[in-house]
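Here's the structure, in structure tokens; my notes come after.
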Amino acid sequence: MKLVSYKTDNQEHLGFWYNGHIYNLNSCNHAIPDSMKKFLEGGEDLMDRARQVLLEVESGQLTPREEVFYELQAPVPQPSSCRDAYAFRQHVEAARRNRKIPMIPEFDQYPVFYFTNHNAIQGPGEIECMPDHFEKLDFELEVAVVLNRKGRNIRAEEADNYIAGFMIMNDISARTLQMEEMLLNLGPAKGKDFSTVIGPWLVTVDELEKYKVPAKEGHVGNAYNLAMKCRVNGKQVSQGNMADMDWTFAEIIERCSYGCDVLPGDVIGSGTVGTGCFLELNGTGLANDPNYQTQWLQSGDVVEMEVTGLGRLSNVITSADTDWSILNLKKEAETV
């Protein structure tokens with residue numbers, strides 16, 4: 001099932017995408033709340049009710065009300081938190097190799113993650129960026145899960161049961177801000193906190209059963225053979241596969257939940273797939289050819305991400321109408 005959040009008359013609703021159309025879930029079954037937040041808090045009971053609605057639509061027992069004028073939102077517009085992990089070894093190795101530093105052995109010992117700004121979640125459409133964001137503005141091709149159960153100290157063997165579904169994720173990054181602040185061994189912060197994009201819909205776990213593959217040797221949890229691609233202005237720049245995750249979402253959830261609660265509505269990203277950002281692509285290109293033409297996102301660029309089974313997420317990069325710069329503020333302070 002493909003679950004969506006959308007707005008009509010500036011009011012948020014919960015729906016499902018079927019045969020190219022959006023239908024309101026609450027109008028099909030009044031026991032289902034009309035918001036994704038409350039729906040996820042209802043756990044498997046509400047998920048089962050939603051699946052029953054879909055079965056009735058597919059069988060012709062139910063003719064739902066189609067939405068015509070709507071604005072598609074992030075599937076989870078108000079996540080209770082947003083974490084981003086570091087699960088693809090290929091990306092980590094390449095990034096470190098390009099900086100001429102060895103692979104860090106701790107990568108193979110445990111999964112890591114950071115908290116990003118859950119109030120900066122966005123869906124399909126325009127992404128407005130400040131002047132400093134355009135100093136090496138980057139995309140990051142990822143997959144994310146959202147939870148619909150509360151838990152603490154969850155073992156990896158059970159953690160997949162806490163996942164409501166999967167989404168495409170674009171962890172948009174301002175690399176100059178990111179690299180500056182991380183010199184102080186704290187972050188990322190301003191380089192990441194202005195926009196994280198998820199969408200276009202939340203695909204329930206059952207829809208991905210046919211793509212399931214074994215996890216990598218020595219790892220626990222579900223893995224999926226999902227091709228991942230990113231195009232900028234129609235040109236493909238990135239390609240990978242979710243099956244290349246070295247750490248599974250189950251193992252990441254195990255670590256996230258150690259000693260603290262994870263909650264319904266928590267979003268967790270996979271981290272960047274190999275070749276999944278300009279930072280990595282530019283570094284590899286320059287390492288192989290000193291005349292390589294580096295590329296960063298510019299105002300007006302169209303970024304499209306496509307993942308097998310999860311759909312296509314499209315965004316347009318726009319510029320805020322301001323010249324306000326914290327990078328300039330820093331430089332002025334240095335001269336005082």
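The values are calculated or read from the model by the stated rules, or taken from the named source; none is laboratory data. Quantities reported herein were computed from a predicted structural model and do not represent experimental measurements. No Cβ is skipped: glycine too gets one built from the backbone with ideal geometry, and neighbour counts run over all protein chains shown.
The table below gives the values:
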| quantity | calculated |
| --- | --- |
| Cβ pairs under 7 Å, 6+ apart, first in segment 140-164 and among the basic types (Lys, Arg), second surrounded by fewer than 20 Cβ atoms within 10 Å (Cβ to Cβ) and not in a helix (DSSP H, G or I) | 150/261; 150/263; 152/260; 152/261 |
| Unique residue being within 30 Å of residue 301 (Cα to Cα), among the aliphatic types (A, V, I, L, M) and either touching a residue at least 24 places away in the same chain (Cβ under 8 Å) or surrounded by fewer than 16 Cβ atoms within 10 Å (Cβ to Cβ) (or both) when the list is 87, 50 | 87 |
| Test: residue 12 is closer than 21 Å to residue 150 by Cβ, modelled with pLDDT of 95 or more and acidic (Asp, Glu) | no |
| Index of the failed condition, residue 31 passing every other in (1) buried (at least 21 other Cβ atoms within 10 Å of the Cβ); (2) free of Cβ contacts under 8 Å to residues at least 24 places away in the same chain; (3) hydrophobic (A, V, I, L, M, F, W, C) | (1) |
| Residue in segment 208-229 that is surrounded by the fewest Cβ atoms within 10 Å (Cβ to Cβ), counting only those that are closer than 24 Å to residue 280 by Cα and among the charged types (D, E, K, R) | 216 |
| Filter result (in a helix (DSSP H, G or I) and of a type outside the set (A, V, I, L, M, F, W, C)) within segment 159-171 | 160, 161, 162 |
| Flag if residue 62 is out of contact with any Lys or Arg (no Cβ under 8 Å at 6 or more places or on another chain), at negative phi, buried (at least 16 other Cβ atoms within 10 Å of the Cβ) and not assigned by TED's automatic domain parsing to the domain that holds residue 188 | no |
| Filter result for the condition that a residue is among the small types (Gly, Ala, Ser) and closer than 20 Å to residue 312 by Cα, over 187, 125 | 125 |
| Subset of segment 230-247 that is hydrophobic (A, V, I, L, M, F, W, C) and within 13 Å of residue 278 (Cβ to Cβ) - its residue that is surrounded by the most Cβ atoms within 10 Å (Cβ to Cβ) | 230 |
| Exclusive hit being modelled with pLDDT under 95 and not polar (S, T, N, Q), set 243, 287 | 287 |
| Conditions (1) loosely packed, with under 15 Cβ neighbours inside 10 Å; (2) at pLDDT below 95; (3) assigned by TED's automatic domain parsing to the domain that holds residue 250: number failed by residue 333 | (3) |
| Identity of the residue in segment 102-158, out of contact with any strand residue (DSSP E or B) (no Cβ under 8 Å at 6 or more places or on another chain) and assigned to a helix (DSSP H, G or I), that ends up surrounded by the most Cβ atoms within 10 Å (Cβ to Cβ) | 156 |
| Those strands (runs of 3 or more DSSP E) lying entirely in segment 10-90 with at least 3 residues within 30 Å of residue 239 (Cα to Cα) and aromatic (Phe, Trp, Tyr) | 11-18 |
| Test: residue in segment 105-112 that is closer than 25 Å to residue 305 by Cα and aromatic (Phe, Trp, Tyr) | no |
